Amino acid sequence: MLRLNLPFRQRRPFGPPLGTAEEDQAGLHRGVQLMREQVKSRVFVGGHSYGGRMASMLCARESSSADGLLLISYPLHPPRKPQQLRTAHLPSLHTRALFVHGTRDPFGSVEEMESALALIPAETKLLPIEGAKHELLPKKNSDSLFALIAANFVQFFH
């Protein structure tokens, strides 16, 4: 496993993204290339919120970038702005993707996520997390949440 900070996060440890999506996708692409040089097995890419969006955009542009996506709290639209959908690239996404999404996420409802996933030609799965907001992590039992996500990941990408 390789965990990396996108270029915007290297420049700005806290706060919203600063820079360009192209820079962040290029940084993610470099990380994937490094992993492909190190391992002979499948390579999965993912991220939380903006990081997941960048991963999905990279794979929509270059489908061979990853063997699968784990997208946690995909930011479908800004809070209270459902008309500003971030779905333009989804019809070009040919990489299998597991979406993990809280039922109380202000960046998109489960129903909105289901509609967005219908745009993706690759196989997808939505794992709703009851009562979770955008940060997804519960105050208690985070180990059980991680176990649930891991079990769904293994089952989906077997």
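Values in this text are rule-based calculations from the coordinates and carry no lab data. Keep in mind the model is a prediction, meaning the values are calculated, not measured. Cβ coordinates were reconstructed from backbone atoms using ideal geometry, including for glycine residues, and neighbour counts include every protein chain displayed.
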query = Spin-label point model (7 Å from Cα, Cβ direction): what's the A88 to E23 distance in nm?
reply = 2.0
task = Extending each Cα 7 Å along its Cβ direction at R30 and A147, get the distance between those two points in nm, one decimal.
result = 3.9
